[in-house]
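Enquirer: Here it is, the structure, as structure tokens.
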Amino acid sequence: MLEIKSVSKSFGKADVLRDISLTIKEGEFFSLLGPSGCGKTTLLRLLGGFDRPGTGEIHHNGVRIDTLPANQRRFNMVFQRYALFPHLSVRDNVAFGLRMKKVASREIASRVDEMLSLVQMAALASRSVTTLSGGQQQRVALARALVNRPEVLLLDEPLSALDLKLRQQMQVELLALQRRLKHTFIFVTHDQEEALTLSDRIAVMNDGVIDQVGTPQEIYEYPRTPFVARFIGSVNAIDGEIKDCRPDVIIVGGPTKRMMTVRPSRDGFRPLPVIPQGTPIRILVRPEKFKILKSAPGPEQNALDGTIREILYQGPVTQFFVQLRDQILIIAQPNTAVTARKGFSGGDKVFVAWAPEDCLLMGRDGPLPVLESPPVDPALSDAQLQLPLGIMEDVRMAGGVAQGG
Amino acid sequence: MSAWRAGWRKVAEKARPRLRRPPLLVLPAAGWFLWFLLAPLAIIFVYSFASKGVYGGVVMKFSLSNYVRSADLIYLHIFWNSIKLATLTAASCLLIGYPMAYVMATASARMRAFLLVMVVVPFWTNFVVRAYAVKVLLGEQGPVNALLASFGLISEPVVFANTAFAVWLGMVTNYLPFMVLPLYVSLEKFDFSLLEAARDLGASPVKVLFKVLVPLTKPGIVTGLVFTFTPALGEFVIPDLLGGAKTMLVGNLITEQFLKTRDWPFGSALSLLLILTVTGSLVLYLRMEARRQKAEEGA
Ligand SMILES: Nc1ncnc2c1ncn2[C@@H]1O[C@H](COP(=O)(O)OP(=O)(O)OP(=O)(O)O)[C@@H](O)[C@H]1O
Ligand SMILES: [Mg+2]
């Protein structure tokens, strides 16, 4: 178990990390997700031992490690730019760590060979690393770290330099490798889709603080802050004001005369908060939770009326831009035979409908002050763990996540 | 100046793709090469097989006597002295220059420019003046003695003049830039994240140095060694000025043949031997390096 306890780090006047606390379980595939410059690399470097935290402590299995130099931790890092040794062959790069630990040469040979075949680089073992393609270098970097059997493997955007096809292939391989070796992986990325696909849990970072930690489902379905909601997938924001707050339903006055209702999520993981009447709030709705209709839905649905401004066909989904009185909603509809037949076109007057269960309640410029963290269902994360690899691939290919903001 | 600039280019060229050069542009280089290198070499080659006339001058009669004479124990001893001094100078420059170049390469851009200027500034003065400057520094009333005395380390001024230490300091002062500049070029291109990668893989600081930093900056190290060792081998002014002309060096010996004894043929033979020693060892090194690289790639 890796425990990061109130760690802060500043460079000069810039506070890059502010009071970060995290607990990462043994054997977990844990992702640090956040926009460029939010401090992901800085945090990873503290874990690797390349920098010292300004304040706070890092413990690994009960032992304080933030004071140990990098070469005395049983952690290994896959660097963003790989940092392979250009003067050494593939084999010697992979053997480097074992040689430093004075492992017997016969054992080195067998472990290196085993690792090279695991990453499918055995055929190129004696090549100079400078002659390898990006994907091959990436595998060597991975093998060089993994051959040491690190207790924790730190990966700093290892896939960011690869093209899409290779990246997806490497994601699958990485996940398969992690499931097999059962090492703890801490994976830095700014690609939300990658984080959702690979991780057991994700920490979403924003400007030096952690906004939310949770399983991919929790993060996507129950974002705690508008930032998280916006960063993972895209959301529409509809401003309103609390009219009535009951345990099973909240009534919100919105941009039209029609009231909006908010209900607890269908799985019951997210009970309704208690908010005083008159509080200005913001309802976030994901584009794929909307339905686009030609006539007004029944009262059990929320609805806003508007005009279609733009229709973007995107393969698996079609994106509609619907103009309301003073804002534009983005709606993603799957391209099933049914929706295709409806035949919307630009300028059509339509209704945008969504279920009261699909509302994410936030404050006007931040999280709801009263919202408590959603309860974690262990069964949920276990199900995620046991998804076979093929399915993970299918899920991603299906493109369940809407892009853009 | 041009020596280190050429070497600098040599280091930089490794990374540069070969350009097709129009033949006319090659002319100046070819002319320079012919006039300043091949022609003098040809002359001393021919002279080295001639013999000395009775009143100086060169008598064109083929003989090997100059070479036979240079194998004399006295001359071998002089050669040996020169090689020792050059080796000591080159090695000292490397040990002092490497950390300097490292600091320069890792400094901020502004600091880097400042340090580069500081390294080059000595070239603005004549090198004999620099040698005298060292002499003054080490003088009995000089700042070094003053400093030592102020710390109470000495009661009497230390006499540095005409000591091996003074010669060493003079040589290092003079040749250090020739080491620092090629090292700096090498280190400036070095990817310092490799050091972190090595640390990450469990390498101790010493291992990081010898398994990663040194192998990857070897071009700079070799260039620096060549640039310091080669001129130091023929050096004689600094040892004369600071060492009191106590030890005879190849440089003195050759100068004497040309200027004092007027034995140009023997001087030519000695020069040629000196050149052969240097190029011979360089070629040998490059061969070994090429073979080693081939063996590595083939393995
Ligand atoms: N050594 C340093 N000195 C000064 N500032 C630094 C240093 N390292 C990082 N920073 C600053 O800290 C902030 C966070 O940097 P960090 O590299 O951790 O970002 P990141 O989340 O990894 O971003 P990216 O996704 O672009 O890699 C940035 O504003 C950066 O400029
Ligand atoms: Mg980074």
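What follows is calculated from the coordinates using simple rules that are stated; it is not laboratory data. Keep in mind the model is a prediction, meaning the values are calculated, not measured. Cβ atoms come from the backbone with ideal geometry, glycine included; neighbour counts cover every protein chain shown.
Enquirer: Per DSSP H run of at least 4 residues, take -39500 (n - 2.57); add these up for the protein assembly as shown, divide by its residues and hand me the 222 nm value, nearest 500 deg cm²/dmol.
Expert: After summing the helix terms and dividing by residue count, I get -14000 deg cm²/dmol.
Enquirer: Moving to a separate point now. Step through the table entries A:25/A:289; A:165/A:349; B:84/B:218; B:135/B:218, compare each Cα-Cα distance with 31 Å, and write down the pairs that go over it.
Expert: Result: A:25/A:289; A:165/A:349; B:135/B:218 exceed 31 Å.
Enquirer: Could you work out how far apart the two model spin labels at residue A:149 and residue A:110 are, taking each label as a point 7 Å from the Cα in the direction of the beta carbon, and quote it in nm?
Expert: 1.2
Enquirer: A follow-up question, please. Starting from 0.36 nm per residue, how many nanometres of slack lie between residue B:63 and residue B:36 once their C-alpha separation is accounted for?
Expert: Details: separation 27, 0.36 × 27 = 9.72 nm, distance 2.63 nm.
Result for the pair: 7.1 nm of gain on full extension.
Enquirer: Just the number, please: percent antiparallel of the DSSP beta bridges in the stretch A:2-226, rounded to the nearest 5.
Expert: 55
Enquirer: What's the center-to-center distance, using Cα atoms, between the stretch B:242-258 and the stretch A:204-253 in Å?
Expert: One Cα centre to the other: 86 Å.
Enquirer: Report the net charge of residues surrounding residue B:146, where surrounding means a beta-carbon distance below 14 angstrom and charges are Lys +1, Arg +1, Asp -1, Glu -1. Spell out each step's value before the answer.
Expert: Values: positive: none; negative: B:140, B:156.
Summing Lys and Arg as +1 and Asp and Glu as -1 gives -2.
Enquirer: Then there's this: If you take the beta carbon distance between residue B:110 and residue A:335 as r and set R0 to 56 Å, what does 1/(1 + (r/R0)^6) give as a FRET efficiency, to the nearest 0.05?
Expert: After rounding to 0.05, the efficiency reads 0.45.
Enquirer: Right, another one. Fully extended, how many nm does the chain gain between residue B:293 and residue B:193 (0.36 nm per residue separation, minus their Cα-Cα distance)? The partial results should precede the final answer.
Expert: Working: separation 100, 0.36 × 100 = 36.00 nm, distance 2.44 nm.
Additional length available on full extension: 33.6 nm.
Enquirer: A follow-up question, please. How crowded by other chains is A:74-83, given as the mean number of beta carbons from other chains within 10 Å of each beta carbon?
Expert: Taking the mean over all residues of the peptide, I get 3.
Enquirer: In chain A, what percentage of the DSSP-assigned beta bridges are antiparallel, given to the nearest 5?
Expert: Bridges in chain A that DSSP calls antiparallel: roughly 75 percent.
Enquirer: Now a separate question. Can you give me the Cα centroid spacing of the stretch B:52-103 and the stretch B:179-201 in angstrom?
Expert: 34
Enquirer: Among A:42, A:189, A:256, determine the one that fluctuates most according to a GNM of chain A built with springs between C-alpha atoms less than 10 Å apart.
Expert: A:256
Enquirer: Net charge within 15 Å of residue A:9 by Cβ-Cβ distance, Lys/Arg positive one each and Asp/Glu negative one each, not counting residue A:9 itself?
Expert: 0
Enquirer: Would you mind counting up the charge near residue A:357? Only other residues with Cβ under 11 Å from its Cβ, with Lys and Arg at +1 and Asp and Glu at -1.
Expert: 0
Enquirer: Let me ask something additional. Let me see the pair-distance distribution of chain B: every alpha carbon pair, 5 Å bin width, integer percents in order.
Expert: The percentages, shortest bin first, are 1, 5, 8, 11, 13, 14, 14, 12, 9, 6, 4, 2, 1, 0, 0.
Enquirer: How high is the FRET efficiency between residue A:176 and residue A:249 when r is their beta carbon distance and R₀ equals 60 Å, given to the nearest 0.05?
Expert: About 0.85, to the nearest 0.05.
Enquirer: Just how far, in whole angstrom, is the stretch A:270-345 from the stretch A:108-187 if you go by their alpha carbon centroids?
Expert: About 43 Å separates the Cα centre of the stretch A:108-187 from the one of the stretch A:270-345.
Enquirer: Hey, another quick one. Work out how much length residue A:55 to residue A:269 would gain on full extension: take 0.36 nm times their residue separation and subtract the Cα-Cα distance, in nm to one decimal.
Expert: Residue separation times 0.36 nm, minus the Cα-Cα distance, leaves 73.5 nm.
Enquirer: Next question. Please give, to one decimal in nm, the separation of the simple spin-label points placed at residue B:76 and residue A:3, each 7 Å out from Cα toward the Cβ.
Expert: 7.5
Enquirer: In nanometres, what is the gap between the two model label sites at residue A:191 and residue B:29, each 7 Å from Cα along Cα-to-Cβ?
Expert: My value for the distance between the label points is 4.4 nm.
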